[in-house]
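What follows is a set of notes on a single structure, which appears directly below.
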Amino acid sequence: GMIAKQMRRLGASVDWNRDVFTMDPALSRTVTEVFVRLYQEGLIYRGKRLVNWDPVLKTALSDLEVASAEEDGSLWHLRYPLSDGSGHLVVATTRPETMFGDAAVAVHPDDKRYQHLVGQKVRLPLTDRELPIIADEYVDPKFGSGCVKITPAHDFNDYEVGQRHGLPLLNIMTLDAALNDAVPPAYRGLDRLPARQKVIADLEALGLIERIEPHKLTVPRGDRSNAVLEPLLTDQWFVDIKPLAAPAIHAVEAGRIRFVPASYANVYFEWMNKIKDWCISRQLWWGHRIPAWYDADGKWYVGRSEAEVRAAHGIAAAAPLRQDDDVLDTWFSSALWPFSTQGWPQHTAALKAYYPTAVLVTGFDIIFFWVARMIMMGLKFTGEVPFRDVYIHGLIRDQDGQKMSKSKGNVIDPMDIVDGISLDALLDKRTTGLMQPQMKPAIEKATRKQFPEGIAPYGTDALRLCFAKLATQSRDLRFDMPRVAEYRNFCNKLWNAARFVLMNVEGHDATPQGAEFSLADRWIRSRLSDTLVRTEAGFTEYRFDNVANALYDFTWHEFCDWYVELAKAVLQSDSAGEAAKRGTRFTLIDTLEQLLRALHPLAPFITEEIWQRVKSLAGVGGQTIMHARYPSAADIPADSSAEPEMRWVMGFILGIRQIKGEMDIPMGRKLPVLVQNASAQDQEYLQRNLHYLTRMAGVEAPTPLRSGEAAPIAAVALLGNLEILVPMAGLIDPTAELDRLAKRHKKAEGDLAKLSAKLHNGQFVRNAPPEVVAKDQQRVAELRTEIAQLTAQTERVKKLIDP
RNA sequence: GCGCGCUUAGCUCAGCGGUAGAGCAUCACCUUGACAUGGUGGGGGUCAGUGGUUCGAUCCCACUAGCGCGCACCA
């Protein structure tokens with residue numbers, strides 16, 4: 001329920017009518033059906049096998065649920081006396097307590113030290129048993145003593161050796177991992193660890209311990225209980241997985257399923273090629289029960305129901321049948337999800353429509369648990385892959401790169417970012433119901449430090465935009481609250497931009513027919529077109545970070561920073577005609593409306609809210625933005641003349657702003673400006689865009705310097721060959737201006753030195769593509785002009801200081 | 001042991017053969033009629049190290065160092 005609520009609050013647009021639960025009757029029937037079919041084909045079998053046993057949860061686990069970690073232990077070298085009394089063999093072990101389950105001692109067949117002993121016997125200390133000495137390639141002669149005790153019922157490798165040599169399986173443990181009645185009375189009932197102490201002590205007393213050395217060993221623990229697992233011989237159900245894995249491997253090899261990023265296919269192949277049979281039975285009370293029934297003799301029958309079993313095997317109603325108490329591994333039913341949810345085994349319309357799906361979006365941590373098994377089961381039971389693309393996103397970690405977990409107390413509930421949470425409530429949330437209550441003070445301290453005032457409310461859109469931005473190809477994503485704030489601010493920016501647009505369009509004529517479109521109008525459309533090219537590419541490539549960036553940059557740095565400001569020059573001008581104002585109003589509302597649709601998948605709530613007020617003004621119909629078409633670059637041609645002219649306008653404005661900024665001249669202060677060296681195009685651009693330049697740069701109308709007229713002492717901005725002069729009298733500190741010039745001069749000289757060295761290299765000129773060489777040559781020419789201008793300017797300013 | 005990933009500005013991360021980018025942080029200026037959750041401008045990087053390929057390497061290759069992950073595992 002909580003997860004469903006989170007999904008709704010996060011604006012997931014899923015079909016809630018199809019909400020189902022794995023243990024719903026329909027899905028349970030699918031589970032049973034699959035089990036029965038696999039059993040009938042011989043792909044599910046039951047048997048006494050060595051499995052990973054969790055002695056705390058008292059259930060079998062699959063290999064995937066085992067988390068191994070290196071821990072410190074000891075390697076005990078034990079003396080096993082030879083039966084003929086001629087001495088002893090030394091075996092090395094990390095598990096001395098399992099000696100009661102030994103069935104042999106093994107040496108390598110080529111090991112000269114022990115070859116002569118193969119076939120003889122040793123006496124197992126503390127017991128009255130004798131063990132054969134066998135030869136097996138499994139033994140590494142260089143490790144330990146080169147002799148290994150073989151305990152087939154308590155070690156996976158020893159099990160294999162035992163199978164090869166026909167050794168007996170001696171189970172010495174109970175389900176609690178205590179020693180059972182198969183061991184000498186003195187050890188019975190002891191847990192394995194106390195038992196180990198006692199065995200060591202007793203062997204020591206008998207002088208049967210050669211030596212003990214410290215040893216690092218990998219200890220398998222249950223991923224839920226953290227208990228040390230025991231390989232234990234129990235009756236379990238297994239899936240014979242290789243016949244299912246082969247087609248699943250092929251489907252990915254053949255490209256019928258594509259992993260994104262592609263490197264995850266290797267992870268998949270690595271596991272699938274070495275896959276082992278899947279233990280699917282669990283000794284838990286929660287889950288799908290195994291559809292197998294036992295008669296009084298312990299013989300089992302698999303079927304869809306007890307009635308079917310009785311009918312199929314002619315078992316009288318009076319004869320007792322007992323259903324298997326075990327349940328299935330939860331991933332067994334999960335593996336069927338793509339088709340169990342669509343009504344399989346019936347050939348439903350839903351199955352036809354929604355299987356396979358286009359994409360599975362998931363985390364890398366469940367590629368084996370879930371993705372691989374869905375592929376195997378999907379292919380097996382429908383003959384088709386369950387999905388075409390597997391998009392693997394990274395795992396959100398905390399600000400220190402730690403995986404979020406309840407026990408670490410570093411979990412952040414997305415709802416607490418959306419709604420905000422007080423420190424007290426957050427502390428409460430993180431410290432109640434802890435498995436390890438002793439962690440509470442540390443968690444409290446860390447939480448207080450990180451969120452001294454709790455978490456502010458940021459809203460769903462900010463969180464979603466932030467996650468999109470974080471969705472790079474990397475597999476760990478550090479969560480960073482300032483990143484959410486960044487997008488909260490973005491939403492605020494968008495909101496205010498929309499206010500501006502509405503304020504200027506509501507109650508005015510914004511129809512495009514017969515309107516005049518300014519340079520800025522044409523330019524912003526062209527930029528929108530380019531932005532949509534980028535969002536389309538981002539969605540296609542599953543690069544949602546690129547989508548978020550493209551929309552962020554367009555909204556903030558093109559639409560707000562430039563276009564809205566340029567639009568003011570038209571809308572607030574007395575000289576601009578109605579047709580021009582109409583063109584700008586239309587472009588404002590139209591661009592905003594398309595931008596909202598472009599942003600909607602990432603920020604569903606704010607875009608809907610604004611769109612409802614914008615749509616009619618933009619002449620767009622529809623009930624909800626959710627059903628509006630995503631805007632397409634194909635509908636908006638790029639404008640190849642507006643872009644360069646606008647770049648010139650921006651260059652002009654930025655040049656003057658830089659002078660003002662560095663000289664600490666308030667932007668509001670109108671400055672007189674002269675231009676020099678203007679080309680025909682510069683003059684044309686200048687004339688056409690005076691209204692933009694004066695407003696955005698905060699200058700009076702720039703006047704061209706007449707030929708022959710002496711330039712006043714001025715700060716200079718360069719735009720190609722054009723020199724923009726800001727007279728310094730009374731405004732600019734000449735020393736500061738010299739610093740500024742020197743800085744730019746140094747940079748230009750550095751660039752020039754690098755480039756000319758490159759161009760003097762004959763190899764470069766001969767081998768590099770001509771356009772690269774031409775570009776560098778042009779750049780060198782520009783730099784030379786710039787340096788000449790800067791040098792001349794520096795001289796002029798110097799004279800001012802020291803005439 | 002096998003496989004994979006990472007190392008770019010103080011922080012979090014893009015870029016990945018042809019003049020180093022963003023956000024945050026930082027400094028200066030700005031109560032400008034959408035927005036101070038803001039505006040304008042600035043400072044800040046020998047792109048982990050070494051070698052190779054190339055006219056040219058942050059980008060490709062090899063090795064080294066550090067960090068991390070997965071799988072397997074020597075009793």
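The values are calculated or read from the model by the stated rules, or taken from the named source; none is laboratory data. Since the structure is predicted, the reported quantities are computational estimates derived from the model, not experimental observations. Counting neighbours? That spans all protein chains shown, and the Cβs are built from the backbone with ideal geometry, glycine included. Just the protein is used for accessible areas: all its heavy atoms, side chains included, with ligands, DNA and RNA removed. Shrake-Rupley method; radii C 1.70, N 1.55, O 1.52, S 1.80 Å.
Residues of region A:477-500 with amide nitrogen under 17 Å from the 7 Å Cα-to-Cβ point of A:GLU453?
From region A:477-500, the list is A:481-486, A:488-489.
Top to bottom by accessible area (1.4 Å), largest first, where do A:THR59, A:THR703, A:THR348 land?
A:THR703, A:THR348, A:THR59
Work from the charge dipole of chain A (Cβ charges, +1 for Lys and Arg, -1 for Asp and Glu, about the Cα centre) and give the residue of A:LEU571, A:VAL675, A:PHE259 farthest towards its positive end.
A:VAL675
Where the centre of each part is set by its Cα atoms, how far does region A:273-331 sit from region A:768-788, in angstrom?
Centre-to-centre distance over Cα atoms comes out at 80 Å.
On full extension of the chain, what length is gained from A:ASN157 through A:LYS798, given 0.36 nm per residue of separation minus the C-alpha to C-alpha distance? Walk me through the intermediate numbers first.
Working: separation 641, 0.36 × 641 = 230.76 nm, distance 8.63 nm.
That pair, A:ASN157 and A:LYS798, stretches by 222.1 nm at full extension.
Taking 0.36 nm per intervening residue step and subtracting the Cα-Cα distance, what contour gain separates A:VAL56 from A:ASP476 on full extension? Please report the intermediate quantities before stating the final value.
Details: separation 420, 0.36 × 420 = 151.20 nm, distance 3.19 nm.
Here the segment from A:VAL56 to A:ASP476 would lengthen by 148.0 nm.
Could you please put A:GLU453, A:GLU536 in sequence from largest to smallest accessible area, using a 1.4 Å probe?
Greatest to least solvent exposure: A:GLU453, A:GLU536.
Taking the simple approach of a point 7 Å from Cα along Cα-to-Cβ for both A:GLN120 and A:LEU434, what is their distance in nm?
A separation of 5.9 nm, rounded to one decimal place.
Can you tell me the relative contact order of chain A? Whole percent, Cα pairs under 8 Å, sequence separation 6 or more.
8
Enumerate the calculated ³J(HN,Hα) couplings along region A:12-23 in order (Karplus 6.51 cos²θ - 1.76 cosθ + 1.60, θ = phi - 60°), each rounded to whole Hz, writing x wherever the residue is Gly or Pro.
With coefficients 6.51, -1.76 and 1.60, one gets 5, 9, 9, 8, 5, 5, 9, 4, 9, 10, 3, 9 Hz.
May I ask what percent, to the nearest 5, of DSSP beta bridges between residues of chain A are antiparallel? Don't skip to the end; give the middle numbers.
Details: 64 of 83 bridges.
So the antiparallel bridges in chain A amount to around 75 percent.
Tell me which residues come under 5 Å, amide H to amide H, from A:LEU722 once H is placed; ignore anything under 5 positions away on its chain.
none
Keeping every protein chain present and rolling a 1.4 Å probe, give me the accessible area per residue for chain A in Å².
Value for chain A: 48 Å² per residue.
In terms of modelled amide H atoms, which long-range or inter-chain residues lie less than 5 Å from the amide H of A:GLU384?
For A:GLU384, no residues qualify.
For region A:622-631, what does the Karplus curve 6.51 cos²θ - 1.76 cosθ + 1.60, with θ = phi - 60°, yield as ³J(HN,Hα) per residue in whole Hz, taken in order and with x for Gly and Pro?
Result, rounded to whole Hz: x, 6, 8, 5, 4, 9, 6, 5, 5, x.
Report A:ASP509's accessible area, 1.4 Å probe, all protein chains in place, as a number in Å² to the nearest 10.
Solvent-accessible area, nearest 10 Å²: 70 Å².
Take the cross-link list A:LYS469/A:LYS493; A:LYS242/A:LYS380; A:LYS403/A:LYS469; A:LYS380/A:LYS403; A:LYS48/A:LYS299 and give me the ones stretching past 23 Å between alpha-carbons.
Violating the 23 Å limit, Cα to Cα: A:LYS380/A:LYS403.
Quick one: accessible surface of A:MET23, probe radius 1.4 Å, all protein chains present, in square angstrom to the nearest 10.
Here the accessible area works out near 60 Å².
Applying a 10 Å radius around every beta-carbon, put A:216-222, A:398-404 in order of their mean neighbour count, most first.
Top of the packing list down: A:216-222, A:398-404.
What FRET efficiency do you get for A:ALA246 and A:ASP530 if R0 is 51 Å and r is their Cβ-Cβ distance, rounded to the nearest 0.05? Write down the numbers at each step before the final one.
Values: r = 47 Å, r/R0 = 0.92.
Once rounded, the FRET efficiency stands at 0.60.
Each label point is 7 Å from the Cα along the Cα-to-Cβ direction; what then is the distance between the points at A:MET663 and A:GLU213, in nm?
Reported label-point gap for A:MET663 and A:GLU213 is 8.0 nm.
On the protein heavy atoms, probe 1.4 angstrom, tell me the percent of accessible surface of region A:656-767 carried by carbon and sulfur.
Summing carbon and sulfur atoms, their accessible area is 52 percent of the total for region A:656-767.
Return the long-range amide H neighbours of A:VAL359 (sequence gap of 5 or more, or a different chain), with a cut-off of under 5 Å between placed amide H atoms.
A:ARG388, A:ASP389
Let me check something: with ligands and nucleic acids excluded, how do A:LYS408, A:LYS743, A:LYS380, A:LYS568 order by accessible area (1.4 Å probe), largest to smallest?
Sorted descending by solvent-accessible area, the residues read A:LYS743, A:LYS408, A:LYS380, A:LYS568.
Measure off 7 Å from each Cα along the Cα-to-Cβ vector at A:GLU578 and A:LYS406, then give the distance between these two points in nanometres to one decimal.
That separation, rounded to one decimal, is 6.9 nm.
Could you derive backbone 3J(HN,Hα) for region A:213-227 from the dihedral phi with the Karplus parameters 6.51, -1.76 and 1.60 (θ = phi - 60°), listing whole Hz in sequence and x where the residue is Gly or Pro?
10, x, 8, 8, 9, 8, 9, x, 10, x, 6, 9, 8, 6, 6
About the Cα centre, and with charges only on the beta carbon of Lys, Arg (+1) and Asp, Glu (-1), how big is the dipole of region A:254-313? Nearest 20 debye, please.
The dipole of region A:254-313 has a size of about 280 debye.
For region A:85-240, what is the number of Lys pairs with C-alpha distance below 24 angstrom, counting only pairs 8 or more positions apart or on separate chains?
Taking region A:85-240 as the scope, the lysine pair count is 9.
Given a Förster distance of 25 angstrom, what is the FRET efficiency for A:ASP561 paired with A:THR511, based on the Cβ-Cβ distance and rounded to 0.05?
The calculated FRET efficiency here is 0.35.
At 1.4 Å probe size, what's the solvent-accessible area of A:PHE500? Round to the nearest 10 Å².
Near enough 30 Å² of accessible area.
Once the Cβ-Cβ distance between A:ASP297 and A:GLU270 is put in as r, and R0 is 45 Å, what FRET efficiency do you end up with, to the nearest 0.05?
Values: r = 44 Å, r/R0 = 0.98.
With R0 = 45 Å, the Cβ-Cβ based efficiency is 0.55.
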